[in-house]
Amino acid sequence: MPLAQRFPRGSGVVLHPTSLPGPHGSGDFGAGAYHFVDWLAAGAQTLWQMLPLGNVGLGHSPYMSSSAFAGNVLLIDLHELQRRGWLEPEEVAAPADFEARRVDYGRVIPWRMSRLASAARRFAEQATPAEREELASFRAAQADWLPDYALFMALAEAYPQSDWTGWPAALAWREEAALRAAREALRERIAFWEFAQWCFRRQWASLHRYARERGVRLVGDMPIFIALHSADVWTHPELFELDAQGRQTVVAGVPPDFFSAEGQRWGNPLYRWSAHAESGYAWWTERLRRTLELVDIVRIDHFRGFAGYWEIPAEEPTALNGRWRPGPGAAPFEAAARALGELPVIAEDLGVITPDVEALRRQLGFPGMRVLQFAWGEPAAGGEPRFLPHAHSADSVVYTGTHDNDTTPGWWASAGEELRHHLREYLATDGRAIHWDLIRAAMASVADLALFPMQDALGLPTEHRMNRPGTAEGNWAWRFDWPLVPPDTAARLRRMAQLYGRMPGR
């Protein structure tokens, strides 16, 4: 029996909050986020999709988080902390040379973290009884993950030379006496990380409420895997494929595909699915519960891994010499649905999709993804007929491209003539405004939901793309500012929503 919700017809924009305008070196939950919601509403766009909201990891990737439950504290609006009296005006005066259209993580992270540390100290010194009670209530509500996470982060700062497997053995393997001593020795930093998570949740809840009141639903992204150096793996090593020393024997990735001739060796630990089954998939249920506290819809990244996943020996430098292994199938979602009810999930079913993946998606009732950039050209040249608009079904979500794709103008500029000819014939266009051609094709599709990156709404070239799969540096840093946005863009999107039955309230 399907476990999913059917989504009302709508459309929206893919934009990570770090890409928003703002004065502090990266986008955040401040005024720029609220203005973006207003812009979406003006354009009759009912969806705002973003990347995972967890802490960034290796290469500043939001897909390598140190926790499946914690939020990215770099997204905290510092002006809100100033209004509460926890920061001084001079502390939120950003350096004049912070970039407006790119995140310089090397400068932004230490600058923002020092301000958060100052805010935490002032809170400790001068918070009102009501504020202290609010933080205490948050700690109690998040007690299943927050204490372990805060201790993990404090220990990671204390032992920066290694992941948790290289910590003193008593800490790595969570001996109770060692944990008690660490909590006492690191109590100030533990309090900092708890305070920072509280600020993240407070500010996010306010933004989420604001979006909901304006008819904009938030679409989150839940990576199937998490990082080895994470609170979850440290706390529950029995749930992951590790040896007795906590080392990985196999790692996650994907075989060769459109993005990489050698495949992608992600390096995340794989799940020990038998242990998850023995627990009734409790960790997965709680992960979905906490994610759905933050967002209205969640995209499950690498959904095909639940049908079968690519297992790579840890010593292999690429993904070429892996093998397919059976995934858990529907069981994690069935367990979650018993606890949570119908699941508002989008299945990211891209890559090497075999009949068992499609069967699992249909069994669960989750809509899949259709990416227009993959549609055109003969199959031998990379085209996938299932992505052509006439092959879409209502139970799908159509994208012009994703965060892993080139921008649509960049993709078109590098396309071969065979692909270009096919698309020009199919859409009856000359391709001079290719980003609007693909947005219109997505809007007109029978798919329930249509989404497109902000870069495509703005018609930006390759240098504005968000990620280049298979590369470790230079990703996740793109930002826009409002001078990049043509003044008629929202009106143009609103007219398309009217034409193609995607207006709010339908």
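Every read-out reported here was derived from the displayed coordinates using simple, explicitly stated rules and does not represent laboratory data. Note that the coordinates shown come from a computational prediction; the quantities given were computed from them, not determined experimentally. Quick reminder, even Gly has a Cβ in these numbers, built from the backbone with ideal geometry, and neighbours come from all protein chains shown.
The three principal axes of the Cα atoms in region 1-115 give end-to-end lengths of 55, 34, 28 Å, sorted in falling order. When both bridge partners sit in the chain, DSSP labels roughly 35% of those beta bridges antiparallel.
For the chain, the longest principal axis of the alpha carbon atoms and the long axis of helix 176-185 meet at an angle near 90°. Taking only Cα atoms, what is the 0 to 90° angle, nearest 10, from helix 146-158's long axis to the longest principal axis of the chain? Value to nearest ten degrees: 80. For R102, the residues whose modelled amide H falls within less than 5 Å of its own, excluding neighbours fewer than 5 places apart on the same chain, are R479. The charge dipole of region 192-322, taken about its Cα centre with unit charges on the Cβ of Lys, Arg, Asp and Glu (plus for the first two, minus for the last two), comes to roughly 800 debye.
Based on every Cα atom in region 364-438, Rg and the maximum pairwise Cα distance Dmax equal 12.3, 40 Å.
Across all Cα atoms of region 316-470, the radius of gyration (one decimal) and Dmax (whole number) stand at 17.2, 52 Å. Remark on region 379-502: Rg and Dmax equal 14.8, 41 Å (Cα only). Considering only alpha-carbon pairs that sit under 8 angstrom and 6 or more positions apart, the relative contact order computed for region 331-430 is 22 percent. The mean sequence separation of alpha-carbon pairs under 8 Å and at least six residues apart, normalised by the residue count of the chain, gives a relative contact order of 21 percent. Computed from point charges on the beta carbon alone (+1 for Lys and Arg, -1 for Asp and Glu), the dipole magnitude for region 112-175 about its Cα centre is near 280 Debye. What angle, in degrees between 0 and 90 and rounded to the nearest 10, separates the Cα long axis of helix 31-42 from the longest principal axis of the Cα atoms of the chain? Taking the Cα atoms of the chain, the angle to 31-42 is about 30 degrees. Placing +1 on the Cβ of every Lys and Arg and -1 on the Cβ of every Asp and Glu, with no other charges, gives the chain a dipole of roughly 1220 debye about its Cα centre. Computed over region 217-322, the P(r) curve from all C-alpha pair distances, binned at 10 Å from the origin, holds 14, 42, 33, 11, 0 percent per bin.
Using the Cα centre of region 205-357 as origin and beta-carbon charges of +1 (Lys, Arg) and -1 (Asp, Glu), tell me which of G263, A244, Y210 is placed farthest towards the positive end of the dipole. Farthest towards the positive end: Y210. The share of alpha-carbon pairs in region 268-317 lying farther apart than 15 Å comes to 61%. Each residue of region 138-200 gets 86 Å³ once the volume of the Cα convex hull is shared out per residue. Quick one: Karplus J couplings for region 346-357, per residue in order, coefficients 6.51, -1.76, 1.60, θ = phi - 60°, nearest Hz, x for Gly and Pro? Calculated HN-Hα couplings, in order: 10, 8, 7, 10, 9, x, 7, 9, 9, x, 5, 5 Hz.
Sorted ascending by nearby beta carbons within 10 Å, beginning with the fewest, E334, E175 become E175, E334.
Projected onto its three principal axes, the C-alpha set of region 275-403 covers 46, 41, 25 Å, listed from the longest axis down. Computed from backbone phi, the HN-Hα couplings of region 18-30 come to 4, 7, 6, x, x, x, 10, x, 7, x, 7, 8, x Hz, rounded to whole numbers (Karplus: 6.51 cos²θ - 1.76 cosθ + 1.60, θ = phi - 60°; Gly and Pro given as x). Scanning residues 5 or more positions from M369 or on other chains, those with amide H under 5 Å from its amide H are D349, V397, with H placed 1.01 Å from N in the peptide plane. Once the other residues with Cβ under 15 Å from the Cβ of D38 are scored (Lys, Arg +1; Asp, Glu -1), what is the net sum? Computed value for this residue: +3. Summarising the amide proton neighbourhood of S11: residues at separation of 5 or more, or on other chains, whose placed amide H is nearer than 5 Å comprise T46, L47, A450. Look at where the Cα atoms of region 381-445 and of region 174-238 average out, and the two centres are 38 Å apart.
For region 429-485, relative contact order (Cα pairs under 8 Å, six or more residues apart, normalised by length) works out to 25 percent. Sequence-ordered 3J(HN,Hα) estimates for region 117-132 from the Karplus curve with 6.51, -1.76 and 1.60 and θ = phi - 60° stand at 5, 4, 5, 5, 5, 5, 4, 4, 7, 9, 4, 6, x, 5, 5, 5 Hz, glycine and proline given as x.
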